[in-house]
Amino acid sequence: DQSITVNPIQSCPMRCKFCRRQYDQYDLFQDRQAGLAPSARDRLVNLKPEELAVHLLVKYPELNWSSNMQIAIVTGTFANFKHMFTYIEQFVDTMSRTTQGKFDPRVKQLQNIHVLSHLARTRDEMDALRSIGVKTYQDTAEIVNDDRRAALMPKANPKNRVLLGKGELKFEDILQSVADGVEVFGRNNYFVTLILGLDTYDDTMRGLQGLAEAGLTYLDRPAYQPFELGGISLYAMGVTDLIRASFEAGRRFRTVSTTWRPESIVRER
């Protein structure tokens, strides 16, 4: 059983103020403006779905593509659900044709495409992902308080209406998506990420209660870590409350594992 994690498109249309990407990745664009790089985008990975498939097959020639394996796609660059769906559909189709059907999670029960994204919001969208081989999904909720979400998750271009920004989502809508996701993917195969420390303790407790009531079993709950001195100001709770919140999250939910567990997708939901 094997799992490969890929980030095929490294640029990101978001400017989340707590994310490391804005401190290192976007220095490339400043370099370009300063004349230090002929093309900053040339220094970022930007693979088309067909190119990603070829890259994996060349990089891992020894892999048995017929095995029970998972490919996790964790890029944050997809603008909206249609963009994400089309990319994954073309990637899976290319992998199937190139491996002569050895890797095809659409028909092979113990093969999987894992997706980490905020873009699948409705039951129909989740069903569509299931139809192209996505059997596990992780929603990047990250923040509970709607005002904090809007403030800390701005778009790079606020006028871009094609892009579904994280800060545009309301937590109540996220909870509905969680309830739908648990039903569509199964409670062992639908996960949520919540970053502890960016909400107040009370908001965090409210979020944990809502996620539990929506049927969530697995919660990825990293503690916020600032990547530069100014990031310390983003903490919304002190150390004691952060420890309490982490304990409560651990009490209510199971920890998301990075290990591929093919048996989980056939367990009773």
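The values are calculated or read from the model by the stated rules, or taken from the named source; none is laboratory data. Owing to the predicted nature of the structure, the values given are computational and were not obtained by experimental measurement. Positions of Cβ are backbone-derived with ideal geometry, glycine not excepted, and every protein chain shown enters the neighbour counts.
Just a few scattered comments:
- Residue among Thr193, Thr204, Thr200 that is touching an Asp or Glu at 6+ places or on another chain (Cβ under 6 Å) and at pLDDT 95 or above: Thr193
- Yes/no for Gly238 being surrounded by 15 or more Cβ atoms within 10 Å (Cβ to Cβ) and of a type in the set (Gly, Ala, Ser): no
- Looking only at the stretch 162-212, residues that are more than 25 Å from Asp124 (Cβ to Cβ), polar (S, T, N, Q) and touching a helix residue (DSSP H, G or I) at 6+ places or on another chain (Cβ under 6 Å) come to 1 in all.
- Flag for Asn157 being under 30 Å from Gln225 (Cβ atoms), at pLDDT 95 or above and surrounded by fewer than 22 Cβ atoms within 10 Å (Cβ to Cβ): no
- Sub-7 Å Cβ pairs linking a first residue in the stretch 135-160 that is over 15 Å from Ile195 (Cα atoms) to a second residue that is part of a strand (DSSP E or B) and among the hydroxyl-bearing types (Ser, Thr, Tyr), at least 6 apart or interchain, are Tyr137/Tyr190, ordered by first then second residue.
- Leu219 more than 17 Å from Phe18 (Cβ to Cβ), of a type in the set (A, V, I, L, M, F, W, C), in contact (Cβ under 8 Å) with a residue 40 or more places away in the chain and crowded, with 18+ Cβ neighbours inside 10 Å: no
- Residue in the stretch 99-120 that is assigned to a loop (DSSP other than H, G, I, E, B), closer than 30 Å to Cys16 by Cβ and not aliphatic (A, V, I, L, M) present: yes
- Neighbours by Cβ (under 6 Å, 6+ apart or cross-chain): first from the stretch 229-255, farther than 11 Å from Leu196 by Cα; second modelled with pLDDT of 95 or more and assigned to a helix (DSSP H, G or I): Arg252/Leu208; Arg252/Ala212
- A single member of Leu57, Leu47 is farther than 24 Å from Met126 by Cβ, in contact with a His (Cβ under 7 Å, 6 or more places away or on another chain), among the hydrophobic types (A, V, I, L, M, F, W, C) and at pLDDT 90 or above, and it is Leu47.
- Among the residues listed as Thr94, Thr122, Thr98, the single one being in contact (Cβ under 8 Å) with a residue 40 or more places away in the chain, more than 30 Å from Tyr224 (Cα to Cα) and surrounded by fewer than 18 Cβ atoms within 10 Å (Cβ to Cβ): Thr98
- Each residue in the stretch 144-199 was checked for being under 18 Å from Ala249 (Cα atoms), under 15 Å from the mean Cα position of the chain (by Cα) and assigned to a helix (DSSP H, G or I), and 2 of them qualify.
- Unmet criterion (only one of (1) free of Cβ contacts under 8 Å to residues at least 40 places away in the same chain; (2) within 27 Å of Ser131 (Cβ to Cβ); (3) among the aromatic types (Phe, Trp, Tyr)) for Phe171: (2)
- Looking across the stretch 223-235 at every residue that is surrounded by 13 or more Cβ atoms within 10 Å (Cβ to Cβ) and in a loop (DSSP other than H, G, I, E, B), the one that is modelled with the lowest pLDDT is identified as Phe227.
- Residues located in the stretch 49-85, provided they are in contact with a strand residue (DSSP E or B) (Cβ under 9 Å, 6 or more places away or on another chain) and in a loop (DSSP other than H, G, I, E, B): Tyr60, Leu63, Asn64, Ser67, Asn68, Val74, Thr75, Gly76, Thr77, Phe78
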